[in-house]
Amino acid sequence: MALLIMKKILVLNGPNLNLLGTREPEQYGRDTLADVERLCKETGAKHGVEIECRQSNHEGVLIDWIQEAGREVAAGNMLGVVMNPGAYTHTSIALHDAIKGASVPVIELHISNVHAREEFRHHSYISPAARGIIVGLGVKGYTLAIAALVP
Ligand code: DQA
């Protein structure tokens, strides 16, 4: 009998996304990070993939997790990463390098429409390294990003 191993998608949230629900609700809505993670797990179940959710306020930790994801993708256990890099989007060459260096498919996601906000949010260091980008569709974007990684 063939053993069916469920592939995994990692959902990574960067700095300040632990404050979802109370942080600038006019930008990010009222869903908490726990609500978002529940939504991601429900979406994964619908697609037959396992969802692992992690959040960190620290750039180096996010880099370590991207590198770990790269090894999981290479081993055939993981489909890729859905990542909301928060403000590191606009500052982090190191995250750009990590995504490229780990050869991990990343869907970059922003809850708010960063292009309709301050100019410093218009540039992303992540986008050139990402497989695709979802911007401004609220937390529903996480469900679309997960679907995008499912073959
Ligand atoms: C964000 C947009 C970023 O500009 C901001 O720094 C965030 C959240 C979003 O989800 O809309 O922290 O990535």
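The values are calculated or read from the model by the stated rules, or taken from the named source; none is laboratory data. All of these numbers come straight from a predicted model, not from anything done at the bench. Backbone-built Cβ (ideal geometry, glycine too); neighbour counts: all protein chains shown. Protein only, heavy atoms only, side chains kept; ligands, DNA and RNA dropped before computing areas. Shrake-Rupley method; radii C 1.70, N 1.55, O 1.52, S 1.80 Å.
Observations on the structure shown:
- Pairs with Cβ under 7 Å, 6+ apart, first in segment 126-151 and at negative phi and assigned to a helix (DSSP H, G or I), second open to solvent by less than 20 Å² (accessible area, probe 1.4 Å) and among the acidic types (Asp, Glu): Ser127/Glu108
- Among the conditions (1) part of a helix (DSSP H, G or I); (2) within 18 Å of Val150 (Cβ to Cβ); (3) within 14 Å of the ligand (Cβ to nearest atom); (4) not hydrophobic (A, V, I, L, M, F, W, C), the only one that Gly44 does not satisfy is (3).
- Single condition Ala94 does not satisfy, out of (1) part of a loop (DSSP other than H, G, I, E, B); (2) free of Cβ contacts under 8 Å to residues at least 40 places away in the same chain: (1)
- For Tyr88, the test of being open to solvent by 20 Å² or more (accessible area, probe 1.4 Å), hydroxyl-bearing (Ser, Thr, Tyr) and more than 10 Å from the ligand (Cβ to nearest atom) is failed.
- Inside segment 57-84, residues that are open to solvent by less than 10 Å² (accessible area, probe 1.4 Å), in contact with a Pro (Cβ under 8 Å, 6 or more places away or on another chain) and either within 16 Å of the ligand (Cβ to nearest atom) or part of a loop (DSSP other than H, G, I, E, B) (or both) make up a count of 2.
- Gly14 farther than 18 Å from Val135 by Cα and touching a residue at least 40 places away in the same chain (Cβ under 8 Å): no
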